[in-house]
Amino acid sequence: MKPLPSAGGNGRDARIERLHASRTRDSEAKTARALEAVSDLLSSGRRISVAQVAREASVSTWFIYNQPKVHDAVRAGMTTQREQGLRGRSAPGTQPASPAALQTELALAREEIKDLKRERDRLRERVRLSLGAEIEEVDRNRLVERVQQLERENADLRSQLCAARDQLNALKGRLQEAEDELVAARAGLRRAMRSVPPR
């Protein structure tokens, strides 16, 4: 006598479908938050980076790199800011920034560099662990694709780090110019005060 077919297979398939649907909804929600974060950063004039978008949207940088739609939006935003500059800041030549404002920008740039370095180190460690776990399971083609993807991510991080360093150097130069102008203004004021005859 043959055993009756079990209904367990159908229940397992239903659980898998529910899990897949839940993951899809979660991914869509994260994608929407990340795209909104890019738009908000762009409109507010704050600098766009993968780390900053991840913080604003409460997602991981890994998610951003592995969602082409989000990653493309981040790269497009960074390109727009490089070409048009950060909106919301004073235009060059209109009014010099104060030393305090430049010091603040300098501190923010340094923090961004630290964040990028930490993110780079975390990605390297994750790559090391994931490659060790996956290398026995994936075929050669998938492994090559994975390495190429990681190389692109590393190149993006290097690009962001170089951009942050350039910004830091520019801020240092502006800060030095502002301090020189302040010293010159004070000297001119002292000379003007000495030239006024006493009453």
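The values are calculated or read from the model by the stated rules, or taken from the named source; none is laboratory data. Everything numeric here is computed off the predicted structure, so don't read it as measured data. Here Cβ is always computed from backbone atoms with ideal geometry, including for glycine, and neighbour counts include all displayed protein chains. Side chains included, ligands, DNA and RNA excluded: accessible areas come from the protein's heavy atoms. Shrake-Rupley method; radii C 1.70, N 1.55, O 1.52, S 1.80 Å.
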Karplus 3J(HN,Hα) series, Hz, for the stretch 21-28 with 6.51 cos²θ - 1.76 cosθ + 1.60 (x for Gly, Pro) = 5, 5, 5, 5, 5, 5, 5, 5
Where the stretch 139-180 is the region considered: accessible area per residue in Å², 1.4 Å probe | 66 Å²
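Given a Förster radius of 35 Å and the C-beta distance between residue 82 and residue 193 as r, what FRET efficiency does 1/(1 + (r/R0)^6) yield to the nearest 0.05? Don't skip to the answer; put the middle values down first.
Details: r = 46 Å, r/R0 = 1.31.
So, using R0 = 35 Å, E works out to roughly 0.15.
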Tell me the label-point distance for the pair residue 151, residue 32, using the 7 Å Cα-to-Cβ offset, in nm and rounded to one decimal.
-> 3.8 nm
Give me the net charge of residue 150's neighbourhood, meaning all other residues with Cβ under 11 Å from the Cβ of residue 150; Lys, Arg count +1, Asp, Glu -1.
-> +1
Across the stretch 116-130, in residue order, what do the Karplus-derived ³J(HN,Hα) couplings come to in whole Hz, using 6.51 cos²θ - 1.76 cosθ + 1.60 with θ = phi - 60° and x for Gly and Pro?
-> 5, 5, 5, 5, 4, 5, 5, 5, 4, 5, 5, 4, 4, 5, 5
